[in-house]
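The values are calculated or read from the model by the stated rules, or taken from the named source; none is laboratory data. These numbers come from a predicted model, not from an experiment. We place every Cβ from the backbone using ideal geometry, glycine too, and count neighbours over all the protein chains shown. Heavy atoms of the whole protein, side chains included, go into the accessibility calculation; ligands, DNA and RNA do not. Shrake-Rupley method; radii C 1.70, N 1.55, O 1.52, S 1.80 Å.
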Amino acid sequence: GERGEEWHQAAMGARKWVSVSDVHACADYLVASGLARAGSIVGAATSAGGVAVGGAVYSRPELFSAAVFESAVLIPSELSRLKNQRAAVLEYGSPDAPAERETLFRVDPF
């Protein structure tokens, strides 16, 4: 919430990949600036951060040495089956909608 609702909505639903790209950009910055070596970065996430960090580690594993997850969302395609499915579908998209399903599986580390 610290960056406002517009910032939040810019990475919702079919645009969820933006959050994974943000983690990549941070890792690339650390390597380019000499603060870290590729393959030595540890990602850590709780809650919905699991999608961003998990997706980043899965799609560019050469940047990371480990990932630590605590009560993190790691299978966003399954969230639509939960009791609070409306909020999950708004945030991540629906596995029942073809365009949204593609995005869901793109960020899904599993």
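Largest GNM mean-square fluctuation among Ala97, Ala27, Ala11, using the chain with Cα springs under 10 Å: Ala97. What is the range 71-110's relative contact order, in percent, from Cα pairs under 8 angstrom and six or more apart in sequence? In percent, rounded to a whole number, it is 44. With each run of n ≥ 4 DSSP H residues scored as -39500 (n - 2.57), what mean residue ellipticity at 222 nm is computed for the chain after dividing by its residue count and rounding to the nearest 500 deg cm²/dmol? Computed mean residue ellipticity for the chain: -13500 deg cm²/dmol. Please find the FRET efficiency linking Gln9 to Val42, where r is the Cβ-Cβ separation and R0 is fixed at 35 Å, and quote it to the nearest 0.05. Plugging the Cβ-Cβ distance into 1/(1 + (r/R0)^6) gives 0.75.
Protein heavy-atom accessible surface, 1.4 Å probe, per residue over the range 1-47: 66 Å².
For the chain, the carbon plus sulfur part of the accessible surface works out to 56%, probe radius 1.4 Å. In the chain, taking the dipole from charged Cβ atoms about the Cα centre, the farthest positive-side position among Ala14, Ile75, Thr46 is held by Ile75. Compared with the rule-of-thumb size 2.2 N^0.38 Å for a compact globular protein, the chain has a Cα radius of gyration ratio of 1.08.
With every protein chain in place and a 1.4 angstrom probe, the accessible-area ranking of Val73, Val20, Val42, largest first, reads Val42, Val73, Val20. For Phe64, the solvent-accessible surface with a 1.4 Å probe is about 20 Å², rounded to the nearest 10. Between Ala87 and Asp28, the contour length at 0.36 nm per residue exceeds the alpha carbon distance by 18.1 nm.
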